[in-house]
Amino acid sequence: MQTMDFDKAFQRTKAKRYFMDQAIVYVLFLCAFVLLFILFSILTHLVINGVSSINVNFFIHLPKPVGEVGGGMANAITGTLTLLFLAVLFGVPIGLAAGIYLNEYADYRFAQVVRFTIDVMNGIPSIVFGIFAYVICVLPMKTFSVLSGGFALGIMMIPMVTRTTEQFVRMVPNQLREAGLALGAPKWRVIVDIVLPSSIGGIMTGIMVALARVAGETAPLLFTAFGNRFWNHNLMQPIAALPLQIFSYAISPFEDWHRQAWAGAIVLIVVIFSINLLANYFMNRRHRFLNGQ
Amino acid sequence: MKKLLAFIFAVSLASVAWADATLINGAGATFPYPIYSKWFDEYAKMNPGMTFNYQSIGSGGGIKQITAKTVDFGASDGPMTQDQLNEAPGRIYHIPTVMGAVVVAYNLQGVKTGLKLTGDILADIFLGKITKWNDARIVAENPGVNLPDQSIVVIHRSDGSGTTYIFVDYLSSVSPAWKGKVGKGTSVNWPVGLGGKGNEGVAGLEKQTPGAIGYVELAYAKQNDLTYAHMKNSSGNYIEPKIESVTKAAEGVSIAPDFRVSIVNSSNPEAYPISSFTWLLIYKEMDDHAKGEAIVNFIKWAITDGQKYTEALDYAPLPANVVSMIQEKLKAVKY
């Protein structure tokens, strides 16, 4: 009797459950599709509006005075690259060292505190890093500068780099460490010659992802790198940056500047995209390394 | 690894050592940004290696940054108050560079540029007392113009702005009600209206909002094809905002020795009433000899030869007596 009832109930609700199953999978698929759609429409929009303004002039000329047609963003492109280079100099050594320390040396309590701090830092709005850099770099030095901009971006990178370094270093099997120690190598040598080489791919990926994230930041640069209409090779002076230039061109009332803002956005996306590809490359190398190839 | 480190070290050393000749940084008002960037561009062509980098962050920001000495010069359309001057670490000079007009722009279907307004009516619109475009007082000033039965949407600046200062300075001088209730400053407590960021933002809102009224600098109104009002001046004439009528505003006004002078509501019968100087802010005693010399030389050029660029950008050139006063003043600058 009971099995009969169960069977009936099973038959009765089968269609309904089958339908629910399909519906939910479909909704999940739609969400995944929306994600693709958003990226795709952003890219199409960028290309439609900006691609006509991308030409040789855009890459080799300085901006024109307000309201005049023509000119380019050569200084902003090199400016962004310079700022990213400095950000790496500031952010990567500290992030890397902190990540290694957390996994290899730190006691549990302290590591917990640092991890919590990292989460808090990741949640701080980027404009706050900008204000921080303004107060501790710009005000005492009495000048807006490349250095302060690189510093602002660099300290934004620290928590991201620390977290990924720690995670990838932890993934190195303990047997490898023990093998090194058993051969008489001191701990530091094990870290430098065994742990780091086996996790370098992942660490590089983390650095690249952090770099890609700060590359598009505008807010931390407003009151540090400041912007510059001309070339600047002096670290103690303001410098142009792509996000800043895009911002000021986009809110201007001039048609030509709007077009250039779109073009600038494309260039910025290409820069970030290349960094992401590089990250992917390192990630793949890591897999091959771990698989013993 | 060692090679990489050595390379990074070498590159960073090289970039520090490779310094430019002279780069002078300034920040401030958006109102004169078009003419300033034109000047700095032309000046750099004539004096290679002498670059002036100007960021238009607003008059309020300009005053703040020159006070913090993070820039070499500031720029503002509203003169610094005595309190602000006292706060600065050194004596600050106001140097007028050009004059300009703040125009009252509106977005009304079928009404062209040239709607006639008085200061009184304008103040009452911005106080929220007049709310319809076909209000009897506006109609009375504009016989023959078909004014729609439409609500007025007031638009003002949301940021600290010299353009705002000029506008409310004018309203305060013509309307006791405005002076008592709102007063003047680079940002005030607006009784009604929407806010836009920068001259750009207000111009954008104006374009999108039917029935809007707002204030922008003349060049921004022209470049965005906004329609704007003719204002009744203190002699009772309706005046179009343009270079000649702005120039007239400075005539007959006695210029204070520190140049902090308001030319709104001028007594000249041909003057456009919402006109103003705009100022560069520099320290009387410059910290850096090379930069100080460069700034003074630039100003000398801007107030004489540089004035020929004003007209194409809808600014009025400085009156001759002001130019000679500035030249005298610059002799006191130490660098």
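Readers should treat all values here as calculations from the given coordinates under stated rules, not as data from a laboratory. For clarity, every value in this text was computed on a predicted model and none was experimentally measured. Heads up, the Cβs are rebuilt from the backbone with ideal geometry, glycines too, and the neighbour counts pull from every protein chain shown.
Tell me, B:Thr163, B:Thr247, A:Thr165, B:Thr22 in order of fewest to most beta-carbon neighbours within 10 Å?
Listing B:Thr163, B:Thr247, A:Thr165, B:Thr22 from fewest to most nearby Cβ atoms yields B:Thr22, B:Thr247, A:Thr165, B:Thr163.
Give me, ordered by chain and number, the residues 5 or more places off B:Gly58 or on other chains with an amide H under 5 Å from its own placed amide H.
Hits under the 5 Å cutoff: B:Gly28, B:Ala29, B:Thr30.
For A:Lys187, B:Lys116, B:Lys184, what's the fewest-to-most ordering of other Cβ within 10 Å of each Cβ?
A:Lys187, B:Lys116, B:Lys184
If you count the DSSP beta bridges with both ends in the protein assembly as shown, what percent of them are antiparallel, to the nearest 5?
Percentage antiparallel, nearest 5: 55.
Can you give me the Cα centroid spacing of segment B:192-213 and segment A:13-64 in angstrom?
Value for the Cα centre distance between the two parts: 32 Å.
Return the percentage of antiparallel bridges among DSSP beta bridges fully within chain B, rounded to the nearest 5 %.
60
From the P(r) of segment A:11-53, could you give the percentage of C-alpha pairs in the tail past 15 Å?
Counting pairs separated by more than 15 Å, the tail of P(r) holds 62 percent.
Work out the mean other chain Cβ neighbour count within 10 Å for the residues of A:64-71 and drop it here as an integer.
That average works out to 5.
Between segment B:85-147 and segment B:301-318, how many Å separate their Cα centres?
The two parts, judged by their Cα centres, are 25 Å apart.
What would the Debye formula give as log10 I(q)/I(0) at q = 0.05, 0.06, 0.10, 0.11 Å⁻¹ for the alpha-carbon point model of the protein assembly as shown, no solvent?
Each listed q maps to, in turn, -0.32, -0.44, -0.97, -1.10.
Given the -39500 (n - 2.57) contribution per DSSP H run of 4+ residues, what per-residue ellipticity at 222 nm results for chain A, rounded to the nearest 500 deg cm²/dmol?
-25000 deg cm²/dmol
Would you calculate, for chain B, the mean residue ellipticity at 222 nm contributed by helices, counting each DSSP H stretch of 4 or more residues as -39,500 (n - 2.57) and dividing by all residues, to the nearest 500?
-11500 deg cm²/dmol
Once the mean 1/r over all distinct Cα pairs of chain A is inverted, what Kirkwood radius in angstroms do you read off?
After inverting the pairwise mean of 1/r, the radius is 22.4 Å.
Taking segment B:39-178, how much of its Cα-Cα pair set, in percent, is spaced more than 22 angstrom apart?
The calculated P(r) of segment B:39-178 puts 55 percent of pairs beyond 22 Å.
Cα-based Rg of segment A:67-213 per 2.2 N^0.38 Å, rounded to two decimals?
For segment A:67-213, the normalised Cα radius of gyration comes out at 1.28.
Hey, can you rank B:49-62, A:57-70, B:169-182 by average C-beta count inside 10 Å, highest first?
Going from most to least packed, we get B:49-62, B:169-182, A:57-70.
Taking every residue in B:51-59, how many Cβ atoms of other protein chains lie within 10 Å of its Cβ, on average?
Counting Cβ atoms of other protein chains within 10 Å of each residue's Cβ and averaging gives 5.
Looking at the calculated P(r) for chain B, what percent of the C-alpha pair distances fall above 35 Å?
Here the long-distance tail beyond 35 Å is 26 percent of all Cα pairs in chain B.
For B:Tyr215, enumerate residues with amide H under 5 Å from its amide H, sequence gap 5+ or separate chain, H modeled in the peptide plane.
Amide H to amide H, under 5 Å and 5 or more residues apart or across chains, B:Tyr215 pairs with B:Ala105.
In what sequence do A:Cys137, A:Cys31 fall when counting other Cβ within 10 Å, fewest first?
A:Cys31, A:Cys137
List the DSSP H helices in chain A whose Cα atoms stretch 24 Å or more along the helix axis and whose mean Kyte-Doolittle hydropathy is at least -1.0.
A:2-50, A:74-104, A:146-170, A:196-215, A:255-290
What are the ³J(HN,Hα) couplings of segment B:139-151, residue after residue, when phi is run through the Karplus curve with 6.51, -1.76, 1.60 and θ = phi - 60°? Round to Hz, x for glycine and proline.
For segment B:139-151, the Karplus-derived couplings read 4, 4, 7, 10, x, x, 8, 7, 8, x, 7, 10, 6 Hz, x marking Gly and Pro.
How do the peptides A:89-98, A:191-200 rank, highest first, by the average count of neighbouring beta carbon atoms within 10 Å per residue?
A:89-98, A:191-200
I'd like the mean, over residues of A:230-240, of how many other protein chain beta carbons sit within 10 Å of each residue's own Cβ.
Counting other chains' Cβ atoms within 10 Å and averaging over A:230-240 gives 5.
Collect residues whose amide H, placed 1.01 Å from N in the peptide plane, falls under 5 Å from the amide H of B:Val98; neighbours closer than 5 in sequence don't count.
Residues meeting the amide H criterion: B:Thr278.
Once the dipole of the protein assembly as shown is set up with Lys and Arg at +1 and Asp and Glu at -1 on Cβ about the Cα centre, which of B:Leu171, B:Gln84, A:Ile272 lies farthest towards its positive end?
The residue sitting farthest along the positive end of the dipole is A:Ile272.
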